[in-house]
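Below is one structure, written out as structure tokens; the observations come after it.
The values are calculated or read from the model by the stated rules, or taken from the named source; none is laboratory data. Note that the structure is a prediction, hence the values are computed from the model and not measured. Every residue, glycine among them, receives a Cβ derived from its backbone with ideal geometry; neighbour counts consider all protein chains shown. Areas reflect the complete protein model, heavy atoms only, side chains present, ligands, DNA and RNA absent. Shrake-Rupley method; radii C 1.70, N 1.55, O 1.52, S 1.80 Å.
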Amino acid sequence: MNKNNAKIKFYSGEDIPLELHKVRVVQKLHLVPIERRLAALHEGGFNTFRLSTLDVFLDMLTDSGTNAMSDKQVAAMMQADDAYAGSQSFARLQKAAEDVLKKKYLLPVHQGRAAENILAIAYIKEKGDLIPMNYHFTTALAHITQYGGRIVELLYDEAYNISSQHPFKGNMNIEKLDAVIKETGAAHIPFIRMEASTNLIGGQPFSIQNLRDVRKIADKYGVRLVLDASLLGENAYLVIQREPEFANATMAEVIATMTGLADIVYFSARKLSSSRGGGICTNDLAISRELEAFVPLFEGFLTYGGISVREIEAMAVGLYETLDESMICQSPQYIAYLVNELVAKGVPMVTPPGVLGAHVDAMRVCAHIPQTQYPAGALAAAFYLISGVRGMERGSVSNQRDEDGNETYADMELLRLAVPRRVFTLSQIKYVADRMTWLYENRNLIGGLKFVYEPPVLRFFMGGLAPVSDWPEKLIAKFKKDFGDSL
Ligand code: F0G
């Protein structure tokens with residue numbers, strides 16, 4: 001792939017990302033008045049998941065299923081082969097998985113969490129079985145605990161330092177991994193899980209050297225190594241940027257090196273290949289057979305796995321496009337731009353800039369709000385109120401209660417502002433930086449939230465909250481004072 005495209009210099013010296021695509025299909029957005037935004041928050045329980053897109057201006061909730069598709073992906077969807085069994089669309093996807101991920105056997109699943117469900121049911125044999133991982137993802141944890149398993153998160157201390165400059169905060173703590181397996185006994189470790197670009201700590205990558213070290217421990221104890229490859233492309237891009245050994249490597253080489261170190265690779269195609277669906281792949285026939293039985297049970301026949309054939313075609317093309325550094329670099333470069341703009345204004349952000357989105361440190365922005373009143377949820381609601389931009393709470397609201405029903409407070413209280421691939425323009429990103437800077441300067445007006453409806457599982461999706469005081473009205477009054485009748 002053309003590495004020269006990855007960074008283009010301006011004569012003026014200005015350091016801004018340049019789009020290497022053009023826009024051919026557009027969607028109108030809705031920037032509704034601030035009073036309507038407050039009403040929408042009340043209707044949606046101050047939970048940004050529950051907002052209607054009719055009330056959302058820039059949708060930075062997630063990159064999941066919202067990355068822009070390429071013309072080639074859309075074109076491929078038109079040649080889909082509708083067949084329950086033996087579809088040629090699936091054959092094309094299988095070939096793409098073999099070419100890009102270098103795995104022979106592919107089990108299709110309807111999205112990433114379905115892969116997590118299958119891995120958990122297949123491999124958690126006894127209550128208390130332990131799955132070491134660099135860090136949990138919400139759905140991975142929910143499936144593991146659903147089947148009686150436990151997890152342990154083994155990051156280095158640096159990962160919890162929000163304003164660190166460490167290039168690989170997603171690295172697994174190798175010494176701790178060795179000690180945990182020794183202490184627990186390999187028989188009670190169904191697998192080790194490595195998540196590419198560790199989502200919940202700010203989209204932070206691991207290095208290939210670290211993955212090699214994890215592989216050594218997996219071999220030492222005879223434990224399977226599972227790679228969550230949902231954000232693999234961006235992790236590979238940051239390896240090229242930050243790990244000197246790979247400075248001249250291609251995306252294809254880096255991706256093959258990473259997947260080659262894992263026994264099982266699973267992914268959300270909603271992220272990895274800018275489409276919808278998911279997959280589990282391996283080169284080990286025995287593993288494929290073990291997992292295969294669950295696909296018809298939960299997903300669908302083995303040549304569609306609950307995914308529409310049209311999406312399977314888009315997935316296949318999207319997998320190949322993951323090898324294009326000039327495409328993959330777009331989201332991380334925009335994120336870096338946004339993070340650097342906000343850091344320059346004094347807003348506490350997760351650094352170094354990672355992937356998926358820019359992450360605001362709500363623990364510091366809302367230092368006056370106790371964790372019992374969900375500072376990241378409050379910041380997400382406040383930011384939507386004053387900008388129409390929908391981010392996602394990644395803090396204690398996203399945590400689940402422990403076995404005894406007690407709250408577990410998150411290590412980090414973050415507001416994630418997702419930057420899906422090739423969706424936003426630079427002026428939109430500048431608007432986000434502008435409004436966040438204003439909110440930071442008026443942060444003392446943000447107040448806490450309390451639960452009024454709390455679902456028992458994955459409560460952050462549909463939970464309902466309410467402000468603990470009339471702080472939203474006070475924030476609106478200040479907004480009107482500073483912005484007049486601007487939306
Ligand atoms: N693993 C990772 C690292 C993820 O980020 C996600 C989803 C999944 C697994 C589950 O995949 O949604 O297809 O079932 N992350 C989305 C997000 C939801 O917004 O970060 P899924």
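Give me the residue from the stretch 188-216 that is β-branched (Val, Ile, Thr) and under 29 Å from residue 359 (Cβ atoms) and, out of that set, farthest from the ligand (Cβ to nearest atom). Break it down into steps so the answer makes sense when it comes.
Pass one, the stretch 188-216, residues β-branched (Val, Ile, Thr): 189, 192, 198, 201, 208, 214.
Checking the rest, the ones that are also under 29 Å from residue 359 (Cβ atoms) come to 192, 198, 201, 208, 214.
On the way: 192: 15, 198: 8, 201: 11, 208: 18, 214: 16 Å.
Looking at residues that are β-branched (Val, Ile, Thr) and under 29 Å from residue 359 (Cβ atoms), I get 208.
Assuming residue 233 fulfils every condition listed in (1) open to solvent by 10 Å² or more (accessible area, probe 1.4 Å); (2) within 16 Å of the ligand (Cβ to nearest atom); (3) farther than 23 Å from residue 143 by Cα apart from one, which condition is it?
Result: residue 233 fails condition (1) only.
Quickly run through the stretch 274-306 and pick out the residues that are out of contact with any strand residue (DSSP E or B) (no Cβ under 6 Å at 6 or more places or on another chain) and within 15 Å of the ligand (Cβ to nearest atom).
Scanning the stretch 274-306 gives 274, 275, 276, 277, 298, 306.
Out of 55, 71, 81, 99, which single residue is charged (D, E, K, R) and open to solvent by less than 30 Å² (accessible area, probe 1.4 Å)?
Just a single option satisfies the conditions, and that option is 55.
Out of all the residues in the stretch 49-74, which are small (Gly, Ala, Ser), more than 16 Å from the ligand (Cβ to nearest atom) and under 17 Å from residue 271 (Cα atoms)? Explain how you work it out, then say what you get.
In the first step, residues of the stretch 49-74 are kept if they are small (Gly, Ala, Ser); the result is 52, 64-65, 68, 70.
From what is left, the residues that are more than 16 Å from the ligand (Cβ to nearest atom) are 52, 68, 70.
Passing the criteria: 68, 70.
What number of residues within the stretch 322-349 satisfy the criterion of being open to solvent by 10 Å² or more (accessible area, probe 1.4 Å) and among the aliphatic types (A, V, I, L, M)?
Of the residues in that region, 5 qualify.
Scan the stretch 85-104 and give yes if some residue there is of a type in the set (Val, Ile, Thr), more than 16 Å from the ligand (Cβ to nearest atom), outside any loop (DSSP other than H, G, I, E, B) and under 30 Å from residue 242 (Cβ atoms), otherwise no. Let's see the steps before the verdict.
Narrowing the stretch 85-104 to residues of a type in the set (Val, Ile, Thr): 100.
Filter once more, keeping what is more than 16 Å from the ligand (Cβ to nearest atom): 100.
If we keep only those that are outside any loop (DSSP other than H, G, I, E, B) too, we end up with 100.
Keeping just the survivors that are under 30 Å from residue 242 (Cβ atoms) gives 100.
Yes, the conditions are met somewhere in the stretch 85-104.
Residues of the stretch 275-294 being within 22 Å of the chain's Cα centre (by Cα) and in a strand (DSSP E or B), which ones? Even if it seems obvious, please write down each step before you answer.
Start the filter on the stretch 275-294 by keeping residues that are within 22 Å of the chain's Cα centre (by Cα), which leaves 275-281.
Scanning the stretch 275-294 gives 278, 279, 280, 281.
If the requirement is being closer than 17 Å to residue 45 by Cα and surrounded by fewer than 24 Cβ atoms within 10 Å (Cβ to Cβ), which of these qualifies: 405, 377, 388, 448? Write out each step before concluding.
Numbers: 405 fails: closer than 17 Å to residue 45 by Cα; 377 fails: surrounded by fewer than 24 Cβ atoms within 10 Å (Cβ to Cβ); 388 fails: surrounded by fewer than 24 Cβ atoms within 10 Å (Cβ to Cβ).
Testing whether each residue is closer than 17 Å to residue 45 by Cα and surrounded by fewer than 24 Cβ atoms within 10 Å (Cβ to Cβ) leaves just 448.
Could you identify the single residue in 420, 455 that is modelled with pLDDT under 95 and either open to solvent by less than 40 Å² (accessible area, probe 1.4 Å) or in contact with a Cys (Cβ under 9 Å, 6 or more places away or on another chain) (or both)?
On the way: 420 fails: modelled with pLDDT under 95.
After ruling out the rest, the residue left standing is 455.
Given the condition open to solvent by 20 Å² or more (accessible area, probe 1.4 Å), without any contact (Cβ under 8 Å) to a residue 40 or more places away in the chain and farther than 21 Å from residue 218 by Cβ, answer yes or no: does some residue in the stretch 161-171 qualify?
Yes, the stretch 161-171 has at least one match.
Return yes when residue 178 is open to solvent by less than 10 Å² (accessible area, probe 1.4 Å), more than 15 Å from the ligand (Cβ to nearest atom) and touching a Lys or Arg at 6+ places or on another chain (Cβ under 9 Å) and no when it is not.
Criteria not met by residue 178.
Tally up the residues in the stretch 140-156 that are within 15 Å of the ligand (Cβ to nearest atom) and within 20 Å of the chain's Cα centre (by Cα), please.
8
Does residue 367 satisfy the criteria of being at pLDDT 95 or above and farther than 22 Å from residue 234 by Cβ?
On the way: at pLDDT 95 or above: yes; farther than 22 Å from residue 234 by Cβ: yes.
Judged against the criteria, residue 367 is a match.
Report every pair of residues separated by at least 6 positions or lying on different chains whose Cβ atoms are under 9 Å apart, first residue within the stretch 400-417 and part of a loop (DSSP other than H, G, I, E, B), second within 15 Å of the ligand (Cβ to nearest atom) and of a type in the set (Asp, Glu).
From residues that are part of a loop (DSSP other than H, G, I, E, B), the pairs are 411/153; 413/393.
Does residue 226 qualify as being over 27 Å from residue 398 (Cα atoms) and buried (at least 24 other Cβ atoms within 10 Å of the Cβ)? Don't jump to the end; show me each part of the working.
Numbers: over 27 Å from residue 398 (Cα atoms): no; buried (at least 24 other Cβ atoms within 10 Å of the Cβ): yes.
Answer is no for this residue.
Could you please tell me which pairs satisfy a Cβ distance under 8 Å, a separation of 6+ or placement on different chains, a first residue in the stretch 53-69 that is closer than 12 Å to residue 389 by Cα, and a second residue that is open to solvent by 20 Å² or more (accessible area, probe 1.4 Å) and within 11 Å of the ligand (Cβ to nearest atom)?
Final answer for the pair search is 59/66; 61/49.
Collect the residues in the stretch 341-376 that are over 19 Å from residue 441 (Cβ atoms) and touching a Pro at 6+ places or on another chain (Cβ under 8 Å), keeping them in residue-number order.
Answer for the stretch 341-376, where residues must be over 19 Å from residue 441 (Cβ atoms) and touching a Pro at 6+ places or on another chain (Cβ under 8 Å): 352, 353, 354, 355.
Show the residue pairs meeting these rules: Cβ distance below 6 Å; 6+ apart or different chains; first residue within the stretch 109-131 and in contact (Cβ under 8 Å) with a residue 24 or more places away in the chain and assigned to a strand (DSSP E or B); second residue near the ligand (Cβ under 9 Å from one of its atoms) and of a type outside the set (Val, Ile, Thr).
109/115; 109/278
Given (1) within 16 Å of the ligand (Cβ to nearest atom); (2) touching a strand residue (DSSP E or B) at 6+ places or on another chain (Cβ under 8 Å), identify the lone condition not met by residue 224.
For residue 224, the exception is condition (1).
Being in contact (Cβ under 8 Å) with a residue 60 or more places away in the chain, open to solvent by less than 10 Å² (accessible area, probe 1.4 Å) and not basic (Lys, Arg) narrows it down to one of 463, 395, so name that one. Give the derivation first.
Working: 395 fails: in contact (Cβ under 8 Å) with a residue 60 or more places away in the chain.
463 is the lone residue from the list that is in contact (Cβ under 8 Å) with a residue 60 or more places away in the chain, open to solvent by less than 10 Å² (accessible area, probe 1.4 Å) and not basic (Lys, Arg).
Kindly indicate whether any position in the stretch 28-47 is surrounded by fewer than 19 Cβ atoms within 10 Å (Cβ to Cβ), within 30 Å of residue 472 (Cα to Cα) and within 16 Å of the ligand (Cβ to nearest atom).
no
Has the stretch 117-129 got any residue that is open to solvent by less than 10 Å² (accessible area, probe 1.4 Å), more than 15 Å from the ligand (Cβ to nearest atom) and farther than 18 Å from residue 290 by Cα?
yes
Any idea which of (1) more than 12 Å from the ligand (Cβ to nearest atom); (2) in contact with a Pro (Cβ under 7 Å, 6 or more places away or on another chain) is the one residue 320 doesn't satisfy?
Going through the list (1) more than 12 Å from the ligand (Cβ to nearest atom); (2) in contact with a Pro (Cβ under 7 Å, 6 or more places away or on another chain), residue 320 breaks only (2).
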